[in-house]
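Notes to accompany the following structure.
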Amino acid sequence: MTEHEPVRPEPSPGRADGEWGRSDRSGAPPEDWEAPRERWLSTGVRPAFGPRSVMLEVSARLLTPAILTFSVFLLVSGHDRPGGGFAGGLVASMAYVLRYIAGGRHELRAGMPMLPNSLLALGLLLACGTAAAPLLLGHPVLEVHSYTAHLPVFGKVKFASYLLFESGVFLIVVGLVLSVVAALGARMEAEEEEARDGAGAGAGGNPG
Amino acid sequence: MNDVPMLLPAILALHAAAAVLLPPLAGRLGARIFLLAGLPPAAAAVWALAHAPAILGGAPMQATVAWAPALGIAFAFRVDALALAMTLLVSGVGAVIFGYCAAYFHAEERGLGRLAAVMVLFAGSMLGLVTTDNLFALYVFWELTSVTSFLLVGHDDRKEHARRAATQALVTTAGTGLLMLIGFIMLGWAAGDYSISALVADPPDGGPWLTAALVLILVGAFAKSAQVPMHFWLPGAMIAPTPVSAYLHAAAMVKGGVYLVARLAPGFADAGVWQVLVLGIGLATMIVGGWRALRQDDLKLLLAYGTVSQLGFLTLLGGAGTQVAGTAMIGALLAHGLFKSGLFLTVGIIDHQTGTRSISRLTGLGRRMPVLAVAACFSAASMAGLPPLIGFTAKEAALEAFLPSAAPGLPAPVSAAELGGLVAASVLTFAYSARFLWGAFGDRPTVSERSFDAPSAAFIAAPVALAALSLALGAVPAAADALAQGYAHALPTGEKPYHLALWHGVTPPLLLTAAVVAAGVLLFAKRRTVGRIQNAMPRWPDAEYGYHLFIHGIYSVALSVTRRTQSGSLPVYLGIILAVLLVLPGARLAAGLITGEIAVPGTDEGLRIWDSPLELLVTAVIVVTAVATVREHRRFPALILLSVLGFGIAGLFVLHGAPDLALTLVLVETLTTIILVFVLRRLPSTFSVRPDGWGKRLTVLLCAAAGTFIALALWLMTAARTADPVSAEYADLAEKAGGTNLVNVILADFRALDTLGEIVVLATAAVAVASLVLLNRRDRIVDEPAAENENENEGEGPDGAVRPAGPEPAGTGALALRRRAADAEAPGTEPSEHDPVREGEAGAADADEASNTGTGTGTGTGADDEGSDDDRA
């Protein structure tokens, strides 16, 4: 689930010309040494709503890692403090929704670790697997096993099987939100685009 | 109990393992994969033969593998004489057929690995079915054979015809199988035991309960064994590859019902309803099958109707419940398994070499394939009941069983009727056996001879071997007789013991056989006259037509129910839900308040204005936004107001010290708002303005009443607690479970099963949303070809058959009705692969379906539906 894009050497020339060429007219820096090496978002930006907003792009770029980290924090701290898999999953999906609003459907697709259906499948597998695993050992369904370890830096750390279960919930919530966003946001956007471009030309990528 | 662990469960596991391991090998081995697939059945047959002496000596083999001991369900196996006979058929004949498959199929046949795997799975299920001693295990194996049979009949899944025949067989056998399961449960409940051997040894007392159970079980058995009026699926299933037909529809699956009847007969044959059903239906099936076999042009269909007839014969014998009938049943069971699969394999060779199996296009095969012709002669003679073959000994025994002097339990008119029916069916059987030989191998000068290659020796080995077995068992009836006696001694004794033998002296059955042969020869010689009579007779009520009417009825009811309940209007749905809420619990609450049954808490019982003055502020925000939301006519501001309302409620949670709830609510509120904004793009910017009038007043009234009810009910319910709350100890328990956040420990530990259910619902909702969108796309694409196909098909029926006129109702049932005219008599007459008309029609069917669903979602406001999904999530 890496969110950080690897540093790009240079945008490929043909595409970059087009992109920057367009922004040239709006007063962006000339294509020279001082030109930025990266864009704020990873794909060509066409936001979901309205005109392009640099504020939104910048905040999406800066906030996404923080939001995702926070969601994982909610997930793991849920047993002792407010949070948990459901809340964590919702927070994580916020990151993607923000990214979608800032950068449109291609940006959404570029940021997804995997397709929403795979997330759902993985989450169900994890949750059901955790639920069923104690059966193999002759214990009741969903029995919780925990183990506390003393790690050098972190001190006392508790590993419990409910964390796996919660991770399943987390993934399913993310998958649900992503598929709803893909269906109601990105898909509709693509259809509108098709309608705009006419039947033949608008063969845009299918984000969902 | 046998101390030695029985090998049988291991052999069954071997079948399953082979089914898993084989498919990947198909590419490398080609058709030789069937030789490997035949190993498990061969092992089972060898195992059965090796233990035959001990089993026939009176010591059934037993083994039990625990499954669900608490429910009395176990994979219990018990191999006695009847099971041994069936095992030899299922696995022995099965192994031979697997060998034949290796020569029959080409390496490039589609789905060869799957075919081999499913066949071996079927062999295993069938073996389990005939050896198990537990009703539930029997049911499981029973339905496994139905499912594998579905896959085998529909092997050529690109043909619409094959798919339909497979579905028909599945619906008939698995559907009635469910009835049978109910019967099993009733029977086992009445007896307090689900072990078949215990049930038969000590049958529960009679009464309507037992009668109902027996009727249900017999319905399942009759459908499986293609008894009238559920016989129609068997000829339809002849679309399957011929070796599959030889296995499923001659040796194995269709015998399942007969086996069950014979298995239960020792315990239940004296029940009144049993006698009526078994004797009546068996007799009718025997005659109908024989009569219809006489008019078939397709050799395979001829055999199929012959099988129907023989299955009626077997059911009759198996259910009669006398020793002689039991002896005859085992004889006939073995005989039929051997000769019918031999004949099917013969047809397969003819079809494979010449490309047709239509009598009117075959000639001179007797000269070109003499060995096969001789083998087929022996098999057919066994079918016709001629000495010295095993079919003869079985038929003699059957006639003996229903001689008025030898059938003690039956009233004289009944046994006379049964005897008459047996003789008539034997005459028909003789005639269609002769017709088969004449049709397959005879010379017809009017038909031009086809050129073909002679079949290889390995190819014809299987039918020759089966014919030789028929002959050997006929010549040495003692082998079959041992099995027969092993089964028959469980039944009530007759006057004198009866053995399968070629010569009993000049007895009434022998004289009857002579009469049968004479009449049969006459019937065959006068076949043109018989054909004219058959054509002149009015068409009987067609069982298959009844099936289609039934299916069509289900479709129509389903469609009309859907049409009435799914109007597609969100306000109507909401209105119905709220009205039901008010009518049922609401009326109860009102009644309780009026009668004083529900106490209204007084002001001293914890009722207070606020806990913290801040609540007043938050409540004011909530009330104001709620009123503003209702009064707002623009969608977007209404949405924003609604979410402010939600955040206000989250604020209440915070003030009450529930950070978890508040956190989740804030997150959900944010997400749904954003997602609804996506949807709003597609909707008009304002709500449609409804005229002031009764409709609007009613809505206001309904909503106000529902809101009042909810508030009132919540207040009264929280005050109505009488027992200690279950959550009182949760805090301590959570500490023990290793978490201090109670809410989360409840979600992930105490009530984790609920959470599991909820996330499954979430995943389902996600898939549903995605598929709604997909559906939207699909009908846009499919619409145009649909219209074209409809026009193309308007005038011409398949094979130029006349179609019933009238408008075509939507749905597959209607399609089936329309097709019936062409298919009724000759399903699968043509081995030809490609039929453009049928393909076109298949396309039309799909299109029909698509346009149906299209209108369904089209009239509903799709976005609204999806939006409601989000709300719930």
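The values are calculated or read from the model by the stated rules, or taken from the named source; none is laboratory data. Every value quoted in this text rests on a predicted model; they were computed, and no experiment measured them. Because the Cβ atoms are built from the backbone with ideal geometry, glycine has one as well, and the counts that use them run over all protein chains shown.
Annotation: of all residues in the range B:684-712 being surrounded by 14 or more Cβ atoms within 10 Å (Cβ to Cβ) and either in contact with a helix residue (DSSP H, G or I) (Cβ under 6 Å, 6 or more places away or on another chain) or among the charged types (D, E, K, R) (or both), the one that is nearest to the other protein chains (Cβ to nearest Cβ) is B:Ala706. Considering (1) under 30 Å from B:Phe750 (Cα atoms); (2) surrounded by 10 or more Cβ atoms within 10 Å (Cβ to Cβ), the lone condition that B:Ile675 does not fulfil carries the number (1). Residue by residue through the range B:440-451, note down the ones that are surrounded by 15 or more Cβ atoms within 10 Å (Cβ to Cβ) and either over 29 Å from B:Gly520 (Cα atoms) or touching a strand residue (DSSP E or B) at 6+ places or on another chain (Cβ under 9 Å) (or both). The answer is B:Arg450, and nothing else.
Elements of the type helices (runs of 4 or more DSSP H) sitting completely within the range B:222-315 and holding at least 1 residues that are among the β-branched types (Val, Ile, Thr) and either surrounded by 24 or more Cβ atoms within 10 Å (Cβ to Cβ) or modelled with pLDDT of 90 or more (or both): these cover B:242-246, B:255-268, B:272-293. When B:Pro208 is tested against (1) free of Cβ contacts under 8 Å to residues at least 12 places away in the same chain; (2) under 14 Å from the mean Cα position of the chain (by Cα); (3) closer than 24 Å to B:Gly282 by Cα, exactly one condition is not met: (2). Only one entry in B:Ala748, B:Ala763, B:Ala752 is within 30 Å of B:Leu574 (Cβ to Cβ), within 50 Å of the chain's Cα centre (by Cα) and within 7 Å of another protein chain (Cβ to nearest Cβ), namely B:Ala763.
Exactly one residue out of B:Arg158, B:Arg164, B:Arg110 is under 30 Å from B:Asp453 (Cβ atoms) and under 22 Å from the mean Cα position of the chain (by Cα): that is B:Arg158. Of all residues in the range A:77-102, those satisfying the criterion of being among the aliphatic types (A, V, I, L, M) and more than 11 Å from every other protein chain (Cβ to nearest Cβ) are A:Ala95, A:Ala102.
Can you tell me which residue among A:Ser179, A:Ser161, A:Ser167 is touching a helix residue (DSSP H, G or I) at 6+ places or on another chain (Cβ under 8 Å), facing chain B (nearest Cβ under 7 Å) and small (Gly, Ala, Ser)? Unique residue meeting the criteria: A:Ser179. Number of residues in the range B:718-736 that are surrounded by fewer than 20 Cβ atoms within 10 Å (Cβ to Cβ) and either within 14 Å of chain A (Cβ to nearest Cβ) or hydroxyl-bearing (Ser, Thr, Tyr) (or both): the value is 8. Taking the range B:156-179 as the range and being assigned to a helix (DSSP H, G or I) and without any contact (Cβ under 8 Å) to a residue 60 or more places away in the chain as the test, the residues that pass are B:Arg163, B:Thr167, B:Leu170, B:Ala174, B:Gly175, B:Thr176, B:Gly177, B:Leu178, B:Leu179. Only one entry in A:Arg105, A:Arg109 is within 30 Å of A:Leu62 (Cα to Cα), surrounded by 24 or more Cβ atoms within 10 Å (Cβ to Cβ) and more than 10 Å from chain B (Cβ to nearest Cβ), namely A:Arg105. Counting only helices (runs of 4 or more DSSP H) that fall entirely inside the range B:1-50 and contain at least 2 residues that are modelled with pLDDT of 90 or more and not small (Gly, Ala, Ser), the qualifying elements are B:8-21, B:33-37.
Yes/no per residue for (1) at pLDDT 90 or above; (2) under 22 Å from A:Ala95 (Cβ atoms); (3) buried (at least 20 other Cβ atoms within 10 Å of the Cβ):
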{"site": "A:Leu115", "(1), (2), (3)": "no, yes, no"}
{"site": "A:Leu142", "(1), (2), (3)": "no, no, yes"}
{"site": "A:Lys156", "(1), (2), (3)": "no, no, no"}
{"site": "A:Phe170", "(1), (2), (3)": "yes, yes, yes"}
{"site": "A:Arg187", "(1), (2), (3)": "no, yes, yes"}
{"site": "A:Glu193", "(1), (2), (3)": "no, no, no"}
{"site": "A:Asp197", "(1), (2), (3)": "no, no, no"}
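Are any of the residues in the range B:340-362 of a type in the set (Ser, Thr, Tyr) and touching a Ser or Thr at 6+ places or on another chain (Cβ under 8 Å)? Yes, the conditions are met somewhere in the range B:340-362. The set of residues from the range B:671-682 being closer than 17 Å to A:Ser179 by Cα and at the interface with chain A (Cβ under 7 Å from one of its Cβ atoms) comprises B:Leu671, B:Ile674, B:Ile675, B:Phe678, B:Val679. Candidates A:Ala16, A:Ala102, A:Ala28: the one that is modelled with pLDDT under 60 and in contact with a helix residue (DSSP H, G or I) (Cβ under 7 Å, 6 or more places away or on another chain) is A:Ala28. When B:Asn741 is tested against the conditions (1) of a type in the set (S, T, N, Q); (2) free of Cβ contacts under 8 Å to residues at least 24 places away in the same chain; (3) under 20 Å from B:Leu665 (Cα atoms), the lone failure is (2). Scanning the range A:112-156 for residues that are within 12 Å of another protein chain (Cβ to nearest Cβ) and of a type in the set (Val, Ile, Thr), we see that the one that is nearest to B:Leu762 (Cα to Cα) is A:Thr130. Can you find a residue in the range B:569-584 that is in contact (Cβ under 8 Å) with a residue 40 or more places away in the chain and either more than 41 Å from the chain's Cα centre (by Cα) or loosely packed, with under 11 Cβ neighbours inside 10 Å (or both)? The answer is yes; a qualifying residue exists. Counting the residues of the range B:104-140 that are within 24 Å of B:Leu338 (Cα to Cα) and surrounded by fewer than 22 Cβ atoms within 10 Å (Cβ to Cβ) gives 1. The set of residues in the range B:744-766 being in contact (Cβ under 8 Å) with a residue 60 or more places away in the chain and more than 15 Å from A:Phe170 (Cα to Cα) consists of B:Ala765 alone.
When B:Val630, B:Val644, B:Val666, B:Val624 are screened for being out of contact with any Phe, Trp or Tyr (no Cβ under 7 Å at 6 or more places or on another chain) and either crowded, with 16+ Cβ neighbours inside 10 Å or among the acidic types (Asp, Glu) (or both), only B:Val644 passes.
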